[in-house]
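K.L.:
I'd like to ask you about the structure that follows.
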Amino acid sequence: MATPIQQIDTWRAARSEHQRLEFKEAKTQFDNRKLYKYCVALANEGGGHLLLGIEDQPPRKVVGTAAFNDPVDMAAKMFQTLRFRVEIEEVLHPDGRVLVFHIPSRPLGTVYDFEGAYLMRAGEELVPMSEDRLRTIFAEGQPDWLSQPALKNCDDDKVVQLLDTQSYFDLLHLPYPVNRAGVLERFESEKLIQRDAAGWTITNLGGILFAKKLEQFDRLARKAARVIVYQGTNKLETKQDKPGTKGYAVGFQELVEFINGLVPSNEVIEQALRREVKMFPEIAVRELVANALIHQDFTESGTSVMIELYDDRMEISNPGKPFISPDRFIDEYQSRNERLADLMRRLGICEEKGSGVDKVIQAVETYQLPAPDFRVGEKRTSVVLFAHKDFEDMDRIDRIRATYQHCCLRYVMNERMTNQSLRERFRLPEKKTESASRAIRDTVEAGKIKLADPEQTSLRYRHYTPFWA
């Protein structure tokens, strides 16, 4: 398992640490319990590598480590404690001794723990796994929810009667097959239907995406997206409550258009011309609704994706907690329902992996709206889009959130956040430089961003990166 020095340098060049790669300086020593925790967390994420003797901040210099002078003995101790084997390799890099811990993946359907805690990575932290994440892992190897039957014993006619097969081929820009056998063969290859002794079984995946009427599938009717409009800024008075009726793929465009039709418009004047502009960017609504449909936890019963409109905001929520921290939505991606996500991407309903949130934040900045607020509750994940608010009317939390998201957006676009770029984001004149600087200082103090070059003394040339970069 000899790791070449070139591989060490390739790992060091990674843009950031992630679920399967961790660096620690550990010049003289490293705490055993901390080591055990990281090994458990990385194993639970699918395995990876922990490297000692390397700084964890770019450019990640090799500083060498004197920790664990007897790797063989330490590997034996780890096996006795963790009950799984971690190979420890000593690499003599030109700049110092590096220890590489080769951490295997957990077995299918199994989660490792340390002292009773099932650990995983969340940004820079090690946190206990959420209940729905554990449930998903324990169900591995069993048919997932999307593969389970929505309706059994269907003949050819009934499949075509219940599923909008025409929309499938239209969305993929493919010609409709010349005979029904060709349609059924294609749907079977996508696992939308399965052949059984009595004919066909329509899977949950097939029904949830292509049902002409979700109510014809008992298990799926409650999974329809629901749009609620409230009077004012609270839930006391409901003006409209409309559940969806079609599968996600065949009804998505209609759903988005319905939502946008409910969003009020503001009149703006540009170069002496008046025009109507929606309160929320249509691209942001589209991406967030698609994300909510894709990332929901289908095993949660009696609940569905909800789009709630108030006078001053829109809240889009889905059942289940995310697998990654909301702070990392813009640069990382981990789907709970990968087959659903893949098919919806190919159908043109959502963007490529991880690009949707970028587009949301970019559109929000273009519309000069407060930054969206990503929230995680006990059973649901939600994002809030706010109506326009001037910089002076934003509170400290609003400004920190907007500054952090602006910094993330610039980073993933391979650009830099500066005082000037932040002023442009808030449309502040140059005389408001101090207002932007104060927002930056507050965000640094909150631990959300950091100076890209701590040695840069000129305020004019300072630029910033997210805390995880």
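The values are calculated or read from the model by the stated rules, or taken from the named source; none is laboratory data. In this text the structure is predicted, and so the values were computed from the model without any measurement. Positions of Cβ are backbone-derived with ideal geometry, glycine not excepted, and every protein chain shown enters the neighbour counts.
K.L.:
Give the residue that is surrounded by the fewest Cβ atoms within 10 Å (Cβ to Cβ), with candidates limited to residues of segment 327-377 that are among the aliphatic types (A, V, I, L, M) and within 16 Å of the chain's Cα centre (by Cα). First the steps, then the outcome.
P.N.:
Pass one, segment 327-377, residues among the aliphatic types (A, V, I, L, M): 330, 340-341, 343-344, 347, 349, 357, 360-361, 363-364, 369, 371, 376.
Checking which are within 16 Å of the chain's Cα centre (by Cα) leaves us with 330, 340-341, 344, 357, 360-361, 376.
Values: 330: 23, 340: 24, 341: 20, 344: 21, 357: 27, 360: 27, 361: 20, 376: 14.
My answer is 376.
K.L.:
Just the residues that are in a strand (DSSP E or B) and of a type outside the set (D, E, K, R), please, taken from segment 117-132. Don't jump to the end; show me each part of the working.
P.N.:
Step one: of segment 117-132, the residues in a strand (DSSP E or B) are 117, 119-122, 125-128.
Matches in segment 117-132: 117, 119, 120, 122, 126, 127, 128.
K.L.:
So, one more: Check segment 404-412 and report whether any residue there is in the same structural domain as residue 291 (by TED's automatic domain parsing) and in a helix (DSSP H, G or I).
P.N.:
First, pick out the residues of segment 404-412 that are in the same structural domain as residue 291 (by TED's automatic domain parsing): none.
No, every residue in segment 404-412 fails to be in the same structural domain as residue 291 (by TED's automatic domain parsing) and in a helix (DSSP H, G or I).
K.L.:
Among the residues of segment 244-285, write down those that are modelled with pLDDT of 95 or more and of a type in the set (Lys, Arg).
P.N.:
246
K.L.:
Same structure again: Please list, ordered by residue number, the strands (runs of 3 or more DSSP E) wholly in segment 1-96 having 3 or more residues that are at pLDDT below 95 and among the basic types (Lys, Arg). Quick ask: steps written out before the conclusion?
P.N.:
Values: elements: 21-24, 48-52, 87-93.
So the answer is none; nothing clears 3.
For (1) at pLDDT below 90; (2) assigned to a helix (DSSP H, G or I); (3) in contact with a Gly (Cβ under 7 Å, 6 or more places away or on another chain), each residue gets a yes or a no:
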site: 350; (1), (2), (3): yes, no, yes
site: 354; (1), (2), (3): yes, no, no
site: 381; (1), (2), (3): no, no, yes
site: 401; (1), (2), (3): no, yes, no
site: 415; (1), (2), (3): no, no, no
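K.L.:
Name the residues in segment 204-219 that are assigned to a loop (DSSP other than H, G, I, E, B), more than 15 Å from residue 167 (Cβ to Cβ) and not acidic (Asp, Glu), would you? Steps first, please.
P.N.:
Filtering segment 204-219 down to residues assigned to a loop (DSSP other than H, G, I, E, B) leaves 212-213, 217-219.
Adding the requirement that they be more than 15 Å from residue 167 (Cβ to Cβ) leaves 217-219.
Result: 217, 219.
K.L.:
Something else now. Condition check: out of contact with any Ser or Thr (no Cβ under 9 Å at 6 or more places or on another chain), basic (Lys, Arg), under 30 Å from residue 414 (Cβ atoms) and surrounded by fewer than 18 Cβ atoms within 10 Å (Cβ to Cβ). Does residue 60 satisfy that? Reasoning before the result, please.
P.N.:
Numbers: out of contact with any Ser or Thr (no Cβ under 9 Å at 6 or more places or on another chain): yes; basic (Lys, Arg): yes; under 30 Å from residue 414 (Cβ atoms): yes; surrounded by fewer than 18 Cβ atoms within 10 Å (Cβ to Cβ): no.
It is false that residue 60 is out of contact with any Ser or Thr (no Cβ under 9 Å at 6 or more places or on another chain), basic (Lys, Arg), under 30 Å from residue 414 (Cβ atoms) and surrounded by fewer than 18 Cβ atoms within 10 Å (Cβ to Cβ).
K.L.:
Which of the residues belonging to segment 331-347 are basic (Lys, Arg) and assigned to a helix (DSSP H, G or I)? Write out each step before concluding.
P.N.:
Let us first name the residues in segment 331-347 that are basic (Lys, Arg), namely 336, 339, 345-346.
Once the filter is applied, which keeps residues that are basic (Lys, Arg) and assigned to a helix (DSSP H, G or I), segment 331-347 yields 339, 345, 346.
For every residue, the table says whether it meets (1) part of a strand (DSSP E or B); (2) surrounded by 13 or more Cβ atoms within 10 Å (Cβ to Cβ); (3) within 28 Å of the chain's Cα centre (by Cα).
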| site | (1), (2), (3) |
| --- | --- |
| 137 | no, yes, yes |
| 151 | yes, yes, no |
| 159 | no, yes, no |
| 191 | no, yes, yes |
| 202 | yes, yes, no |
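K.L.:
Also, I was wondering about something else. Could you tell me whether segment 172-187 includes any residue that is of a type outside the set (A, V, I, L, M) and in contact with a strand residue (DSSP E or B) (Cβ under 7 Å, 6 or more places away or on another chain)? Step through it out loud before you land on a result.
P.N.:
Let us first name the residues in segment 172-187 that are of a type outside the set (A, V, I, L, M), namely 173, 175-177, 179-180, 182, 185-187.
Then keep just the ones that are in contact with a strand residue (DSSP E or B) (Cβ under 7 Å, 6 or more places away or on another chain); that gives 187.
Looking for residues that are of a type outside the set (A, V, I, L, M) and in contact with a strand residue (DSSP E or B) (Cβ under 7 Å, 6 or more places away or on another chain), one finds at least one in segment 172-187, hence yes.
K.L.:
Step by step: first the residues of segment 306-326, then only those that are crowded, with 19+ Cβ neighbours inside 10 Å and polar (S, T, N, Q), then the one that is farthest from residue 394 (Cα to Cα). Which residue is that?
P.N.:
Per the criteria, the residue is 318.
K.L.:
Tell me whether segment 352-364 contains one or more residues that are in the same structural domain as residue 299 (by TED's automatic domain parsing), hydrophobic (A, V, I, L, M, F, W, C) and more than 17 Å from residue 409 (Cα to Cα). Quick ask: steps written out before the conclusion?
P.N.:
If we filter segment 352-364 for residues that are in the same structural domain as residue 299 (by TED's automatic domain parsing), which is where we start, we get 352-364.
If we keep only those that are hydrophobic (A, V, I, L, M, F, W, C) too, we end up with 357, 360-361, 363-364.
The next check asks that each one be more than 17 Å from residue 409 (Cα to Cα); those that pass are none.
Scanning segment 352-364, I find no residue that is in the same structural domain as residue 299 (by TED's automatic domain parsing), hydrophobic (A, V, I, L, M, F, W, C) and more than 17 Å from residue 409 (Cα to Cα), so the answer is no.
K.L.:
Something else about it: Go through segment 111-162 and give me each residue that's more than 23 Å from residue 319 (Cβ to Cβ) and among the aromatic types (Phe, Trp, Tyr).
P.N.:
112, 114
Each row is one residue, and each column tells you yes or no for (1) surrounded by 14 or more Cβ atoms within 10 Å (Cβ to Cβ); (2) modelled with pLDDT under 95.
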site	(1), (2)
100	yes, no
109	no, yes
125	no, yes
146	yes, yes
